[in-house]
Amino acid sequence: MRFSRRDFLAVAALGSLARGLEAQEEKTKDARRAETKTMALKRPIIICAANGLSYLDEAFEMLRGGADTLDAALRVVRGPEDDPEDSSVGLGGLPNEAGVVELDACCMHGPTRRAGAVGGVRNIKNVSLVSKAVMEHTGHVMLVGEGAERFAVAQGFSRENLLTDRSRKVWLLWKETHSDQDWWGPGLASPEWKTPPEAPPAPHSEIWEKKLKKMERVAADLGIEPEYRLKAIHQVLFPPTGTIHSSALNDKGEISGCTTTSGLAWKLPGRVGDSPIIGAGCYTDQDVGSAGATGSGEENIKVAGAHTIVENMRRGLSPQEAGMDALKRIARDYNHDMNKLRFVDMTYYILRKDGAYAGVSLWEGYEPDRPHKIAVHDGTKRAENTVALFKGSSVGWPPIPRLGK
Ligand code: GLY
């Protein structure tokens, strides 16, 4: 084969470009090594979403005492599952549109490279533990619906009503006020029924003021406590997607993770989000690290968030860079259209096998005064603000329609 002068120059140029890139890559690796050194990495360490903060002490002691990493992570997420005041997980979780609580969970055990998951489970509170039972006592990875419930009962879990009085009332508030074109709320025979006004539309603010006043009235009639009414109205107008993830690493370098949720409030019965999807809501690889998610489940499934992050770390990205890349994929899915992305919310909790960690989120918080946080215990328990891809807060979905003028 003969090389022309032009070929030679092209190859030489490519060679020098490649050397440039190699040098650049080496510099980036050096920077990452320096970043990691200054972080003074510690093991054992356990991380979780902010709603797990108060359960971290016990879980950290478990790790220090030699407990299995998955059991420590499960100790954290079982806290909100048992807590009737946490409306995003387990007992007291907000129900689906039919008023039924349906729970999702999954777990991955790094040392044995096993996984378990359950989706759309009714009547069983600790679905995170059921996901572990699927992992340990079946040849499957995932069970859903009635089959998962029957399996849980066979394993000794008790059936219970997961709909607390408060969650039931908030669901009723949603039912009675989200539409005046259905059969919920006062019917024709009720003294409460009023002829719809024929007056010209009032200004936007006035209509909303009236709507909110009506919601407050219905909330009071339903017996929702005064101090909870505003939160209940917010949950009705902007259905939340609460969840909890936890990843734990012991001093031997063993790592595990788990995620559990009641999913999106008022969802269609049978809707399953990202939380029980291995690779979306949680992913752990003993060779690399672990990641989990809270937020808009549908968006996270499309980018296989937790798996994407762990694979990014395998390629050498730091936990923060790895998480930012997953968030950028969500932004790309909407062609960076901020009019749409402001309704999306996503937080990732990331733990690398050496103890480096990061909490990253699409937005800084749900509201300016409610920043997203990652909770950490490595001997010192703390909650830290996440690093956000976009400045500002996300906006609740659905958009408030403009009524009147
Ligand atoms: N991330 C919780 C859910 O969307 O179900």
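The values are calculated or read from the model by the stated rules, or taken from the named source; none is laboratory data. Source: prediction; values computed, not measured. Cβ atoms come from the backbone with ideal geometry, glycine included; neighbour counts cover every protein chain shown. Note: accessible area is taken over every heavy atom of the protein model, side chains too, but ligands, DNA and RNA are not part of it. Shrake-Rupley method; radii C 1.70, N 1.55, O 1.52, S 1.80 Å.
Looking at (1) under 15 Å from residue 102 (Cβ atoms); (2) in contact with a strand residue (DSSP E or B) (Cβ under 7 Å, 6 or more places away or on another chain); (3) surrounded by 22 or more Cβ atoms within 10 Å (Cβ to Cβ), which is the only condition residue 297 fails?
(2)
Looking at this structure, is residue 323 open to solvent by less than 40 Å² (accessible area, probe 1.4 Å) and farther than 23 Å from residue 73 by Cα?
When the stated conditions are applied, residue 323 does not pass them.
Within the stretch 366-394, how many residues turn out to be part of a strand (DSSP E or B) and among the polar types (S, T, N, Q)? First the steps, then the outcome.
Narrowing the stretch 366-394 to residues part of a strand (DSSP E or B): 366-367, 370-371, 373-377, 381-385, 387-388, 393.
Among the residues that remain, those that are also among the polar types (S, T, N, Q) are: 385, 393.
Residues that pass the stated criteria total 2.
Can you give me the number of residues within the stretch 111-147 that are in a loop (DSSP other than H, G, I, E, B) and aliphatic (A, V, I, L, M)?
Count: 2.
Quick one: how many residues across the stretch 22-56 are part of a helix (DSSP H, G or I), surrounded by 13 or more Cβ atoms within 10 Å (Cβ to Cβ) and either modelled with pLDDT under 90 or of a type outside the set (Phe, Trp, Tyr) (or both)?
The total comes to 10.
Filter the stretch 231-266 for residues that are open to solvent by 10 Å² or more (accessible area, probe 1.4 Å) and more than 30 Å from residue 216 (Cα to Cα) and give the result.
Of everything in the stretch 231-266, those that are open to solvent by 10 Å² or more (accessible area, probe 1.4 Å) and more than 30 Å from residue 216 (Cα to Cα) turn out to be 251, 252, 254.
Look through 103, 162 and report the one residue that is over 27 Å from residue 283 (Cα atoms), open to solvent by less than 20 Å² (accessible area, probe 1.4 Å), touching a residue at least 60 places away in the same chain (Cβ under 8 Å) and not basic (Lys, Arg).
Result: 162 is the single residue among 103, 162 that is over 27 Å from residue 283 (Cα atoms), open to solvent by less than 20 Å² (accessible area, probe 1.4 Å), touching a residue at least 60 places away in the same chain (Cβ under 8 Å) and not basic (Lys, Arg).
Scan 144, 134, 127 and give me the residue that is open to solvent by 50 Å² or more (accessible area, probe 1.4 Å) and touching a strand residue (DSSP E or B) at 6+ places or on another chain (Cβ under 6 Å). Spell out how you get there, then give the answer.
Working: 134 fails: open to solvent by 50 Å² or more (accessible area, probe 1.4 Å); 127 fails: open to solvent by 50 Å² or more (accessible area, probe 1.4 Å).
Step by step, each of 144, 134, 127 is checked, and only 144 is open to solvent by 50 Å² or more (accessible area, probe 1.4 Å) and touching a strand residue (DSSP E or B) at 6+ places or on another chain (Cβ under 6 Å).
Looking only at the stretch 233-256, filter to residues that are among the small types (Gly, Ala, Ser) and more than 16 Å from residue 56 (Cα to Cα); which one of those is modelled with the lowest pLDDT?
242
How many residues does the stretch 216-230 contain that are surrounded by 21 or more Cβ atoms within 10 Å (Cβ to Cβ) and in a loop (DSSP other than H, G, I, E, B)?
Filtering the stretch 216-230 down to residues surrounded by 21 or more Cβ atoms within 10 Å (Cβ to Cβ) leaves 218-219, 224.
Imposing the further condition that a residue be in a loop (DSSP other than H, G, I, E, B) reduces the set to 224.
So the answer is 1.
Taking the conditions exactly as written (modelled with pLDDT of 95 or more, over 25 Å from the mean Cα position of the chain (by Cα) and outside any helix (DSSP H, G or I)), does residue 66 satisfy them or not?
Values: modelled with pLDDT of 95 or more: yes; over 25 Å from the mean Cα position of the chain (by Cα): yes; outside any helix (DSSP H, G or I): yes.
So residue 66 passes the test.
Report every pair of residues separated by at least 6 positions or lying on different chains whose Cβ atoms are under 8 Å apart, first residue within the stretch 258-275 and without any contact (Cβ under 8 Å) to a residue 40 or more places away in the chain and closer than 21 Å to residue 234 by Cβ, second near the ligand (Cβ under 6 Å from one of its atoms) and of a type in the set (S, T, N, Q).
Correct list of pairs: 264/241.
Could you grab the pairs with beta carbons closer than 9 Å, sequence gap of 6+ or different chains, first residue in the stretch 220-243 and basic (Lys, Arg), second one surrounded by fewer than 17 Cβ atoms within 10 Å (Cβ to Cβ) and assigned to a helix (DSSP H, G or I)?
Note: pairs meeting the criteria are 229/220.
Taking the stated definitions as given, is residue 291 without any contact (Cβ under 8 Å) to a residue 60 or more places away in the chain and either surrounded by 20 or more Cβ atoms within 10 Å (Cβ to Cβ) or in contact with a helix residue (DSSP H, G or I) (Cβ under 8 Å, 6 or more places away or on another chain) (or both)?
In short, no.
Name the one entry in 176, 102 that is more than 24 Å from the chain's Cα centre (by Cα) and acidic (Asp, Glu).
176
Tell me yes or no: at least one residue of the stretch 386-395 is crowded, with 21+ Cβ neighbours inside 10 Å and modelled with pLDDT under 95.
yes
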